[in-house]
Structures are given as C-alpha cells and as structure tokens.
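Here's the structure, in structure tokens; my notes come after.
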Amino acid sequence: MLSLIYIFIIGCEIDSGNEEKPEIAEEETELLPYPVIINDTEIEKQPEMIVSLSPALTEMIFEFGEDKKLVGRCNYCDYPKAVTDVKNFGSSARPDIDGIIGLKPDLLLISTPLAAKDLLTMESHGIKTLLFESPKNLDEFKRAYEGLGLALNGLFTGTEVGEQQFSEISKVFDNSDVINIGKFAYITEDLKIAAGGTLEHAVFSCFGDNIAKDREGYVSPDDLFDDVQPDIIILNDKYNLNRLKDHDVYSGLSAVDGDRVIYVTNLYFERPTVRITELIEKFILDYKSLDQLYNRVHVPAS
C-alpha cells in the first residue's frame with residue numbers, strides 16, 4: 001500500500017550568533033486507494049474509460065457492474081448481448097492500436113501480450129495496459145477476479161469486491177463432493193487430452209481423478225492408456241462419439257465402447273468467468289443421469 005506523506009516545516013528562526021534547529025511537525029499520513037500495482041502495472045487512478053481485448057475480462061467488467069466504463073472491445077467480445085453496442089477495435093491478436101489511442105481510454109485490458117512496440121506506444125499516450133493471462137488453476141482464476149477488483153476499486157475495497165464476485169464460483173467447488181466420477185479423461189481441441197497445468201484439469205479434478213494428471217498441458221493420447229483406462233470420457237462438444245470410435249486410440253477405450261461420455265462446452269474454459277458454474281451444474285446433472293443409466297454405484301468423493 002502506497003501512502004502520500006506530507007511534511008510541514010515550521011518555526012525556523014535565526015538569531016544573531018545563535019542558530020536554532022527548525023521544529024519539524026509530526027508526519028501526517030493520508031492513505032489513498034490509488035495507486036495500486038497489479039501484475040507489474042501501476043494503476044494511478046480509478047479508470048473511467050476502459051477498452052477490453054479479452055472476452056473473459058469483458059464479461060467480468062459486466063459482472064462487476066462497471067460496463068458503463070467499457071468504451072471498446074475486440075470482435076470476440078460478444079457476451080452479454082449489450083456489449084455488441086460497444087465500439088469494436090478488431091481482433092485481440094491484431095487490434096486497431098491507432099483507434100484505441102484516438103479514444104484515449106485510461107485502461108486497456110488484455111489476456112494475451114501485446115507487441116512490445118504497441119505497449120510502449122500505449123504508455124507514451126498515458127494508457128495503462130493490464131495483462132491477466134488465462135488462468136491455469138483455480139487460484140489463478142480467483143486472483144484474476146481480485147486483481148480486476150483492485151484495478152476498478154482501489155486498495156480499500158478492491159480485493160474484497162473481487163472475492164465477492166468470485167464467491168459464486170467458490171460455492172460450486174466447495175460442494176464438489178456431490179459426485180465422484182472416478183478416473184476420467186477430458187478430450188478437447190484437436191482431440192488432445194487436458195493434462196496437469198490446465199484449468200480443465202483443475203476443474204474436473206474436483207470431481208474425479210484425471211488419468212493425465214502427471215503430464216502438462218494438452219497432450220496426445222498415444223501411450224496414455226497403456227496401464228489405465230478412464231471410467232468416463234468428458235468430451236468437448238465440438239466432437240461426437242462417432243469421431244472417437246473412428247479414432248485409432250480412443251476407439252479401444254471401454255468408456256467409448258460403452259458410450260460413457262459426457263459432453264461439455266469448451267467455451268467456458270476459453271473465456272473463464274462466473275458462467276463456468278453453468279458448465280459444472282450441467283455436468284453434475286449429466287453425470288448423475290449417466291450414472292443411473294448404467295446402474296453404476298455412487299461413491300461420495302473423499
């Protein structure tokens with residue numbers, strides 16, 4: 001926490017031949033909500049005009065009730081519907097830098113780094129650029145909310161506001177013992193498996209045991225099922241069961257042969273916000289239906 005210190009010098013007198021030391025008043029400290037430092041970026045004042053080039057951060061701006069400050073977005077920012085009325089500055093990878101500078105926002109939010117020259121250009125025009133990278137675990141997910149709350153509200157209430165916004169997500173995971181799905185594999189983009197170090201792993205591991213937990217990132221299924229098979233497949237709904245049955249590796253899994261598959265929408269991981277609770281609630285209902293269909297024994301998670 002930074003403070004502004006005022007020092008007052010009083011009573012400075014000089015007599016002939018005698019020099020008295022000046023009397024120094026006690027330091028008076030005034031605590032202010034700004035500046036704050038978030039992810040190595042100093043935010044000097046509460047932002048009044050915000051451009052967001054991240055769909056997730058744009059949604060979060062609406063969750064925080066700060067959407068009136070949102071004056072720019074990228075073309076992937078399409079939720080909630082009201083955001084489509086906000087000025088579009090192109091793709092998040094190649095935004096209209098000159099257009100953003102012309103708008104003169106206080107704060108630019110991004111989830112993927114800008115080119116160094118673009119960062120310097122923003123800085124030279126007094127535009128702060130704040131990067132929140134996509135979270136890879138639940139702690140990073142929570143810190144994104146706290147950090148954004150801090151940027152929007154300052155030191156005194158910012159973190160608390162962020163925690164409050166994240167509380168709905170916390171409730172879902174605090175109640176994660178409602179099911180135990182056993183061993184699972186989440187098959188996502190390019191038919192790869194979400195392993196350790198991914199948000200998908202962090203979320204679904206609250207309900208079961210990821211067979212790819214000892215690997216990192218998004219991995220090929222080759223040699224992954226030599227010693228163990230998943231009890232259930234979680235599948236990105238971009239694909240269908242027939243795609244797995246035609247696959248050289250996945251077709252040999254008993255879960256695929258037995259249609260023990262739950263479909264989920266990967267969009268919730270691509271732009272993680274409070275809407276991930278919708279995914280979890282649907283996932284739990286779908287699993288319970290599948291559990292009843294195959295007369296599997298329900299064992300509460302330990």
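Given segment 178-269, what helices (runs of 4 or more DSSP H) lie entirely inside it while holding 2 or more residues that are at positive phi and surrounded by fewer than 18 Cβ atoms within 10 Å (Cβ to Cβ)?
Details: elements: 199-204, 241-245, 254-257.
In segment 178-269, no matching helices (runs of 4 or more DSSP H) lie anywhere.
What are the residues in segment 114-127 that are outside any helix (DSSP H, G or I) and out of contact with any helix residue (DSSP H, G or I) (no Cβ under 8 Å at 6 or more places or on another chain), if any? 115, 126 - these are the residues of segment 114-127 that are outside any helix (DSSP H, G or I) and out of contact with any helix residue (DSSP H, G or I) (no Cβ under 8 Å at 6 or more places or on another chain).
Just one of 70, 31 is at pLDDT 70 or above, closer than 22 Å to residue 153 by Cβ and surrounded by 18 or more Cβ atoms within 10 Å (Cβ to Cβ); which is it?
Working: 31 fails: surrounded by 18 or more Cβ atoms within 10 Å (Cβ to Cβ).
After ruling out the rest, the residue left standing is 70.
Of the residues that sit in segment 114-140 and are surrounded by fewer than 19 Cβ atoms within 10 Å (Cβ to Cβ) and basic (Lys, Arg), which one is nearest to the chain's Cα centre (by Cα)? Filtering segment 114-140 for residues that are surrounded by fewer than 19 Cβ atoms within 10 Å (Cβ to Cβ) and basic (Lys, Arg), the one nearest to the chain's Cα centre (by Cα) comes out as 136.
Filter segment 233-272 down to residues that are more than 30 Å from residue 132 (Cβ to Cβ) and in contact (Cβ under 8 Å) with a residue 24 or more places away in the chain, then give me how many there are.
Of the residues in segment 233-272, the ones more than 30 Å from residue 132 (Cβ to Cβ) are 233, 240-261.
Then drop every residue that is not in contact (Cβ under 8 Å) with a residue 24 or more places away in the chain, which leaves 233, 243-244, 247, 249-250, 252-255, 258, 260-261.
Qualifying residue count for the region: 13.
None of 229, 164 is in contact with a helix residue (DSSP H, G or I) (Cβ under 9 Å, 6 or more places away or on another chain), over 22 Å from residue 41 (Cα atoms) and free of Cβ contacts under 8 Å to residues at least 24 places away in the same chain except 164. Taking the stated definitions as given, is residue 219 in contact with a strand residue (DSSP E or B) (Cβ under 6 Å, 6 or more places away or on another chain), free of Cβ contacts under 8 Å to residues at least 40 places away in the same chain and either closer than 30 Å to residue 165 by Cα or not assigned by TED's automatic domain parsing to the domain that holds residue 55 (or both)? The answer is yes for residue 219.
One residue stands out in segment 273-290 among those that are among the charged types (D, E, K, R), touching a residue at least 40 places away in the same chain (Cβ under 8 Å) and under 29 Å from residue 55 (Cα atoms): the one that is surrounded by the most Cβ atoms within 10 Å (Cβ to Cβ), namely 275.
When you go through 138, 150, 155 one by one, which is the residue that is within 16 Å of residue 63 (Cβ to Cβ) and either of a type in the set (S, T, N, Q) or not assigned by TED's automatic domain parsing to the domain that holds residue 265 (or both)? Reasoning before the result, please.
Details: 138 fails: within 16 Å of residue 63 (Cβ to Cβ); 155 fails: within 16 Å of residue 63 (Cβ to Cβ).
The unique qualifying residue is 150.
Of note, residue 51 satisfies the criterion of being outside the structural domain of residue 205 (by TED's automatic domain parsing), touching a Lys or Arg at 6+ places or on another chain (Cβ under 8 Å), in a strand (DSSP E or B) and among the hydrophobic types (A, V, I, L, M, F, W, C).
Among (1) under 25 Å from residue 272 (Cβ atoms); (2) more than 22 Å from the chain's Cα centre (by Cα), which single condition is residue 201 missing? All conditions are met except number (2).
Assessment of segment 141-148 against the conditions (loosely packed, with under 13 Cβ neighbours inside 10 Å and within 30 Å of residue 205 (Cβ to Cβ)) yields no matching residue.
Given the options 218, 250, 268, name the one that is over 12 Å from residue 185 (Cα atoms) and at pLDDT 95 or above.
Values: 218 fails: over 12 Å from residue 185 (Cα atoms); 250 fails: over 12 Å from residue 185 (Cα atoms).
Checking each option against the conditions leaves just 268.
Where residues in segment 83-96 are surrounded by 18 or more Cβ atoms within 10 Å (Cβ to Cβ) and either assigned to a helix (DSSP H, G or I) or under 21 Å from the mean Cα position of the chain (by Cα) (or both), which of them is modelled with the lowest pLDDT? By that ranking, first place goes to 92.
Among the residues of segment 136-157, at least one is under 18 Å from residue 55 (Cα atoms), modelled with pLDDT of 95 or more and not in a helix (DSSP H, G or I).
The values are calculated or read from the model by the stated rules, or taken from the named source; none is laboratory data. Note that the coordinates shown come from a computational prediction; the quantities given were computed from them, not determined experimentally. Note that each Cβ is placed from the backbone with ideal geometry, even for glycine, and that neighbours are counted across all protein chains shown.
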